[in-house]
Amino acid sequence: MAINEKMIEEILNKYPAKVKRNRKKHIVIRDSARENQEIEANTRTIPGIVTNRGCAFAGCKGVVLGPLKDMVHIVHGPIGCAYYSWLTRRNKAKTDDPKKNFLAYCVSTDMQESDIVFGGEKKLARMIDEVVEIFKPNAITISATCPVGLIGDDIQAVAKAARAKHGLNITAYSCEGYKGVSQSAGHHIANNGLMENIVGEGDWEEPPSKYTINILGEYNIGGDSWEVERVLNEIGYEVQVVMTGNGSYEKLKNAHVAQLNLVQCHRSINYIADMLEKKYGTPWLKVNFIGIRATIESLRNMALYFGDEALIKRTEEVIEKELAEIEPQLEPYKKICSGKTAFCFVGGSRGHHYQGLYEELGITTVLAGYEFAHRDDYEGRDVLPHIKSDADSKNIPDLHVTPDERRYRLKIPVERMEELQKKIPLSNYKGMIKDMMDGSIVVDDLNHYETEEFIRILKPDIFSSGIKDKYIPQKMGIPTKQLHNYDYSGPYAGFRGAINFARDVAMGFATPTWNFIVPPWKDKPLLEGSIEQC
Ligand code: CFM
Ligand code: HCA
């Protein structure tokens with residue numbers, strides 16, 4: 001069923017007037033006749049609403065710092081935050097040296113009541129000494145949880161003293177959960193710290209190969225970056241750093257030598273690409289390795305950037321080979337998926353990225369949204385991100401680089417850059433709203449009540465989201481797919497990843513499970529409403 005303004009009004013009428021006014025601005029029905037549809041985003045969730053968002057600590061420690069494997073990440077706080085950011089995201093890592101992968105450890109000061117009353121700095125300092133002695137990591141990070149900021153522990157001072165004592169890169173991140181309105185603020189805090197304290201610390205001056213690149217905003221969830229790197233290596237690229245999936249302090253130090261930065265996650269890291277361009281003159285290119293078409297387009301744009309005929313030819317050869325491998329495998333899944341509809345509500349980037357892959361399977365996204373993306377992610381942005389207009393941008397340090405200096409340092413001649421900007425659609429994504437079909441719904445910070453209401457009206461065939469919102473639809477008898485951690489599956493990126501995704505989604509539709517469960521509202525009385533309404 002198509003949705004209209006009146007239906008949305010009815011959903012919102014259940015809210016108190018003030019909440020209704022607020023939520024109304026976060027919901028848009030796509031209408032291509034209207035040039036620039038606006039949406040409210042990146043604002044504080046109203047207390048009492050069951051949001052799916054995380055916090056600044058999650059964005060800093062969980063998302064950006066956590067995947068750096070040769071470092072020990074200390075969580076200063078009560079144990080819960082460390083526990084819940086302990087690999088639940090499924091960011092995979094492997095090392096040649098088994099003693100240099102610390103991701104399987106959950107390291108926390110486990111603050112107790114006495115630490116809250118008397119302060120936890122001494123405990124933190126002791127813990128750093130212990131970590132150095134036991135693990136001998138290449139570097140250490142310390143992330144603050146909410147109580148640390150509330151009691152005023154000076155983790156920056158503790159880190160500074162420890163750095164001097166141990167002669168090791170030990171840095172502190174004041175990413176208390178309450179900072180900002182979501183995980184997005186934590187991305188900024190972490191990335192700024194990495195830029196200030198690690199990137200550029202290495203002594204390399206030249207890239208190790210002809211086509212050296214970094215992949216920014218790829219976290220190797222379910223092995224995604226391994227699949228992307230497989231294809232890139234086959235074409236002839238050398239990946240210096242994946243920031244930060246399967247990442248390491250050792251590699252990150254020399255990230256400045258790359259000739260090109262790819263930006264995969266369009267939310268958590270785009271401003272770092274801009275900072276790297278300003279500081280080291282490295283141009284950047286937005287890519288998307290989710291979906292077959294998007295992967296091909298990204299590979300072609302990369303080849304265009306380097307502009308080498310042999311590389312362009314090799315890119316086409318690899319694309320052809322990969323397609324020959326996957327296309328026959330895809331066919332049976334397409335048959336099962338074709339004609340279905342999906343909700344696609346994920347974090348800050350994937351809510352958009354996965355729509356292309358769904359489309360390739362014949363599945364139409366009828367509702368999508370982000371938990372914490374900013375307006376430019378929904379409405380589209382120019383070639384360079386609008387750093388200054390971001391709500392969290394106050395955290396970005398001044399790099400003291402004038403536009404002239406930046407041009408001087410650009411790793412390719414300015415004229416070539418300008419020519420490429422015309423030739424390569426750096427802004428190959430118009431933003432979520434413009435990329436969706438007429439009549440579909442875009443909802444920012446979708447909550448549990450609205451989820452149920454939209455499901456009731458639109459009856460999607462599959463609901464893709466995170467763990468917090470997964471089980472309501474599943475209990476309603478709708479297949480669900482986590483697009484954060486992939487429900488123990490993956491990789492979903494690149495060519496072979498598309499097959500894994502198609503298989504998992506088709507399995508969700510085809511499983512006979514749905515015939516064996518009775519949703520609770522079908523055989524139990526409800527406190528509110530009636531069976532007909534459900
Ligand atoms: Fe970027 Fe991500 Fe995402 Fe994100 Fe996240 Fe994630 Fe995500 Mo979960 S960095 S914005 S903060 S693509 S952890 S790997 S899945 S919400 S859509
Ligand atoms: C986070 C991490 C998360 C949570 C996913 C979920 C992830 O934001 O803290 O709610 O299912 O991808 O693991 O986004």
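The values are calculated or read from the model by the stated rules, or taken from the named source; none is laboratory data. These numbers come from a predicted model, not from an experiment. Here the Cβ is made from the backbone with ideal geometry for all residues, glycine too, and neighbour counts use every protein chain on show. Surface areas here come from the heavy atoms of the whole protein model, side chains and all, with no ligands, DNA or RNA. Shrake-Rupley method; radii C 1.70, N 1.55, O 1.52, S 1.80 Å.
General remarks:
- Unmet requirement for K334, which otherwise passes all of (1) open to solvent by 10 Å² or more (accessible area, probe 1.4 Å); (2) modelled with pLDDT under 95: (2)
- Filter result (without any contact (Cβ under 8 Å) to a residue 24 or more places away in the chain and either buried (at least 19 other Cβ atoms within 10 Å of the Cβ) or within 16 Å of ligand 1 (Cβ to nearest atom) (or both)) within segment 87-105: L87
- Residue in segment 50-65 that is modelled with pLDDT under 95, within 16 Å of ligand 2 (Cβ to nearest atom) and assigned to a loop (DSSP other than H, G, I, E, B) present: yes
- A residue that is within 20 Å of the chain's Cα centre (by Cα), farther than 22 Å from M417 by Cα, open to solvent by less than 10 Å² (accessible area, probe 1.4 Å) and among the charged types (D, E, K, R) occurs nowhere in segment 226-245.
- Residue check, V75 within 16 Å of ligand 2 (Cβ to nearest atom) and assigned to a strand (DSSP E or B): yes
- Among the residues of segment 234-255, those identified as aliphatic (A, V, I, L, M) and touching a Lys or Arg at 6+ places or on another chain (Cβ under 7 Å) are I235, V241.
- Checked against the criterion of being touching a residue at least 12 places away in the same chain (Cβ under 8 Å), over 20 Å from N169 (Cβ atoms) and among the basic types (K, R), segment 59-75 has no qualifying residue.
- Filtering I319, I312, I272 for residues that are within 17 Å of R230 (Cβ to Cβ) and either within 16 Å of ligand 2 (Cβ to nearest atom) or among the hydrophobic types (A, V, I, L, M, F, W, C) (or both) leaves a single hit, I319.
- Cβ pairs under 6 Å, 6+ apart, first in segment 9-38 and more than 13 Å from I433 (Cβ to Cβ) and modelled with pLDDT of 95 or more, second open to solvent by 70 Å² or more (accessible area, probe 1.4 Å) and of a type in the set (D, E, K, R): L12/K24
- Of L262, L276, L323, all but one fail to be open to solvent by less than 20 Å² (accessible area, probe 1.4 Å) and in contact (Cβ under 8 Å) with a residue 60 or more places away in the chain; the exception is L276.
- Hey, K481 charged (D, E, K, R), in contact (Cβ under 8 Å) with a residue 24 or more places away in the chain, away from ligand 2 (no atom under 16 Å from the Cβ) and farther than 21 Å from V181 by Cα or not: no
- Taking the numbered list (1) surrounded by 15 or more Cβ atoms within 10 Å (Cβ to Cβ); (2) in contact with a His (Cβ under 8 Å, 6 or more places away or on another chain) in turn, V50 passes all entries but (1).
- Listed by position, the strands (runs of 3 or more DSSP E) contained in segment 227-298 that have at least 3 residues being at pLDDT below 95 are 260-263, 284-286.
- Unique residue being touching a residue at least 40 places away in the same chain (Cβ under 8 Å), surrounded by 17 or more Cβ atoms within 10 Å (Cβ to Cβ) and out of contact with any helix residue (DSSP H, G or I) (no Cβ under 6 Å at 6 or more places or on another chain) when the list is S182, S174: S182
- Of the helices (runs of 4 or more DSSP H) that lie entirely inside segment 106-197, those containing 2 or more residues that are within 16 Å of ligand 1 (Cβ to nearest atom) span 183-197.
- Residue satisfying condition, being within 19 Å of the chain's Cα centre (by Cα) and either open to solvent by 20 Å² or more (accessible area, probe 1.4 Å) or of a type in the set (S, T, N, Q) (or both), within set N301, N288: N288
- Hits in segment 337-351 (condition: away from ligand 2 (no atom under 12 Å from the Cβ) and either β-branched (V, I, T) or without any contact (Cβ under 8 Å) to a residue 60 or more places away in the chain (or both)): S338, G339, T341
- Residue within segment 361-372 that is within 13 Å of ligand 2 (Cβ to nearest atom), of a type in the set (D, E, K, R) and assigned to a loop (DSSP other than H, G, I, E, B) present: yes
- Look at segment 464-475: where a residue is farther than 11 Å from V346 by Cβ, no partner that is open to solvent by less than 10 Å² (accessible area, probe 1.4 Å) and among the small types (G, A, S) sits 6+ places away or on another chain with Cβ atoms under 6 Å.
- When segment 132-171 is limited to residues that are loosely packed, with under 15 Cβ neighbours inside 10 Å and within 29 Å of the chain's Cα centre (by Cα), the one that is farthest from G247 (Cα to Cα) turns out to be L150.
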